Every structure is written in C-alpha cells, then in structure tokens.
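Working notes, structure below.
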Amino acid sequence: MPASPAAAFAAAHGLSVSGARPGPGAYARQLWARRHFITALAAARQSALYSGARLGQLWQVLTPLLNAAVYFLVFGMLLGAGRGVPDYIPFLCTGVFVFTFTQSAALSGARSLTDNIGLVRALHFPRASLPLAATLLQLRQLLLALGVLGLVLVADGVPVTTRWLLAVPALLLQSVFNAGLALALARVGARTTDFSQLLPFLLRTWMYLSGIFYDLSRITAGAPHPLVRLLEANPALIYVGLMRYALIDTVTGSRLPPHVWPLALIWATVAAGAGYAFFWSSEEEYGRG
C-alpha cells in the first residue's frame, strides 16, 4: 500500500511520530542518560517527606521502629510467635525493615505515574524514570533505617561480624527485584485506577506469608514437601532471610531456604527483565488516557 502524502512528507524531511516508543535498547540508554534526573527526583521527594511534621525526617526511622514495636506487642507477646526464636527482637526488626522496603517500593511504584500525571503530560522523558525514582527513594529511606537497625542489634547483644558484609549483595539483589516490581505495578496502576486501593491488602497478605513475625521453618515442619518448597520460594522470604543471616549470628544457614543465593539472583533477574519489558511495551500510552 503506498504511503499517505503526510507520511511521505514526514519521511522526506526526517520527521518521526511524537512520543513514539523507542526500542528496548534505546529506551535503556535514554534511562541511563537521565540517571541524574532520577537521583535528583528521589532526593527531592525524600526531602519533601514529612516536611510538615515537627520531627521531620526523623519519621523515616521512627515509622518502621513503631511498626516493629506494634508487631512485637501483638505477635511476640500476645500470640507468642517469638517463643523459641533466638534474638527475636532483632529477628522481628530486620524482617519489618526489609519487607517495608519492598512494600513501600511496590506502593509508590504503583502510584508513580498517576501521582505525576501533570509531569507525564507536560514533558517528554522515559516514563520508567518515575517508578525507578520511587524505588530509589525507598532505598534511601531504608539505608537511614538500617543505621537505626544496627543500633538495635548491637543494643540487644548481637555481635558485629564480617558476615554483616553479606548485607550489601543481599540488599543489591532486593533493590533490583523491587525496581522490576515497581515498573510492573506502575503500568497496572496507570491502567486501573482502583488498583492502588487493592494493593495494600495484597501486600499485607504477602507479609503474613513471608515469615516476618515468626520462623516459617517451625510452622511448616510437618507440611507437605511441595507446599514447603513453594513457601520457601517466596522472594520476600528469601531477601528477608538473607538479611537476617547477614546481620544476626544466631540465624544459621540451616534456617534459610535451599539454594537461597541462586534464588535471590533469579528473582531479581526475572523481576527486572519482566518488569522492564512489561512497562516499556506501553510507553506510548502513559498520560494519554
């Protein structure tokens, strides 16, 4: 079929469709070129958080600490989930802090496009910058919280060992996983406005299945083997378990899921690749609804 006069005119003068989706490789290069924008946006959002509160940025560490205190009261004292778990307070605090990173990255990623719809419609830039900046913001908050977590661990008698260095690759893999998750949820959230209302319930259910308040291996001791393996493949359980193993000396390798490091790498790779492809495939549609 011959090209239309408008298409022929555009081709003759080197014009292209405005907002056309680039290839996945070119899109990745655009994101890398805007890495300073992503980091600056995350820093600006972090500075704006709690700006109206008297304690300001202190809430970034107070919030997970208060959550851990509430969970300790309910699960540790009232329900007895901590009985038989060595160093239960460090065990619980590490789980809450690490899972909150994934939870917050998912929530902020799902809202990253709808909350910035004016920016999306006004400027031309790779839209993946927004969920990536949201993930980076949550990582920056976690790093602040980890300083407080370290003080909690030391105050509870947990020794500082060279095993703490394993927290670096564990946190890196979790960050890659969270970025892929945020990208996928950003596309879903942009298409389905009610999704952000449902997501907190889904994340809460995920938290209860991830051994944040209890030692999952004790509960599943008599469960069918396929069910145990399915629960142990939970990415939240894997990343929380790796951080507990790195930071708490009483958490031994026997309490981790089998092949935990390869599983952590697989989850990070699959989530990042699938989330990137899923988000990129709708790049032309964001902000046009």
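The values are calculated or read from the model by the stated rules, or taken from the named source; none is laboratory data. For clarity, every value in this text was computed on a predicted model and none was experimentally measured. In this analysis, Cβ positions are derived from the backbone assuming ideal geometry, glycine residues included, and neighbour counts consider all displayed protein chains. Areas reflect the complete protein model, heavy atoms only, side chains present, ligands, DNA and RNA absent. Shrake-Rupley method; radii C 1.70, N 1.55, O 1.52, S 1.80 Å.
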Unmet criterion (only one of (1) outside any helix (DSSP H, G or I); (2) open to solvent by 30 Å² or more (accessible area, probe 1.4 Å); (3) within 13 Å of G95 (Cβ to Cβ)) for G222: (3)
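Working carefully through the options A10, A28, find the one that is at pLDDT 90 or above and of a type in the set (G, A, S). So that I can check it myself, show each step before the final result.
On the way: A10 fails: at pLDDT 90 or above.
After ruling out the rest, the residue left standing is A28.
Just give me the residues in the stretch 188-227 being among the charged types (D, E, K, R) and over 17 Å from F101 (Cβ atoms), in sequence order. Talk me through it step by step, then tell me what you get.
At the first step, the residues of the stretch 188-227 found to be among the charged types (D, E, K, R) are 191, 194, 204, 215, 218.
Across the stretch 188-227, the qualifying residues are R191, D194, D215, R218.
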Odd one out for L132 among (1) touching a Ser or Thr at 6+ places or on another chain (Cβ under 9 Å); (2) open to solvent by less than 10 Å² (accessible area, probe 1.4 Å): (2)
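Residue check: is T205 assigned to a loop (DSSP other than H, G, I, E, B) and loosely packed, with under 12 Cβ neighbours inside 10 Å? Walk me through how you get there before you give the answer.
Numbers: assigned to a loop (DSSP other than H, G, I, E, B): no; loosely packed, with under 12 Cβ neighbours inside 10 Å: yes.
In short, no.
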Residue in the stretch 255-273 that is most open to solvent (accessible area, probe 1.4 Å), counting only those that are without any contact (Cβ under 8 Å) to a residue 12 or more places away in the chain and either of a type in the set (V, I, T) or at positive phi (or both): H259
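Within the stretch 255-265, can you find the residues that are closer than 23 Å to Q103 by Cα and in a helix (DSSP H, G or I)? I'd like the intermediate steps shown before the answer.
If we filter the stretch 255-265 for residues that are closer than 23 Å to Q103 by Cα, which is where we start, we get 256-257, 260-265.
Listed by number, the residues that qualify are V260, W261, P262, L263, A264, L265.
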Matching option when the condition is assigned to a helix (DSSP H, G or I), aromatic (F, W, Y) and in contact (Cβ under 8 Å) with a residue 40 or more places away in the chain, among Y239, Y214: Y239
Tally of residues being more than 17 Å from the chain's Cα centre (by Cα) and not hydroxyl-bearing (S, T, Y) across the stretch 245-277: 15
Odd one out for L172 among (1) crowded, with 17+ Cβ neighbours inside 10 Å; (2) of a type outside the set (S, T, N, Q); (3) at pLDDT 95 or above; (4) over 21 Å from I89 (Cα atoms): (1)
Any hit, the stretch 243-254, residues being basic (K, R), part of a helix (DSSP H, G or I) and open to solvent by 40 Å² or more (accessible area, probe 1.4 Å): no
Answer from Y214, Y286, Y276, Y239 - the residue that is surrounded by 20 or more Cβ atoms within 10 Å (Cβ to Cβ) and either of a type outside the set (F, W, Y) or more than 30 Å from T114 (Cα to Cα) (or both): Y214
Pairs where the first residue, in the stretch 194-210, is of a type in the set (D, E) and the second is part of a helix (DSSP H, G or I) and surrounded by fewer than 16 Cβ atoms within 10 Å (Cβ to Cβ), C-beta under 9 Å, 6+ apart: none
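Within the bounds of the stretch 189-198, is there any residue that is crowded, with 23+ Cβ neighbours inside 10 Å and over 29 Å from V74 (Cβ atoms)?
Quick first cut of the stretch 189-198, residues crowded, with 23+ Cβ neighbours inside 10 Å only: 189-190.
Those left that are additionally over 29 Å from V74 (Cβ atoms): 189-190.
So far as the stretch 189-198 goes, yes, one or more of its residues are crowded, with 23+ Cβ neighbours inside 10 Å and over 29 Å from V74 (Cβ atoms).
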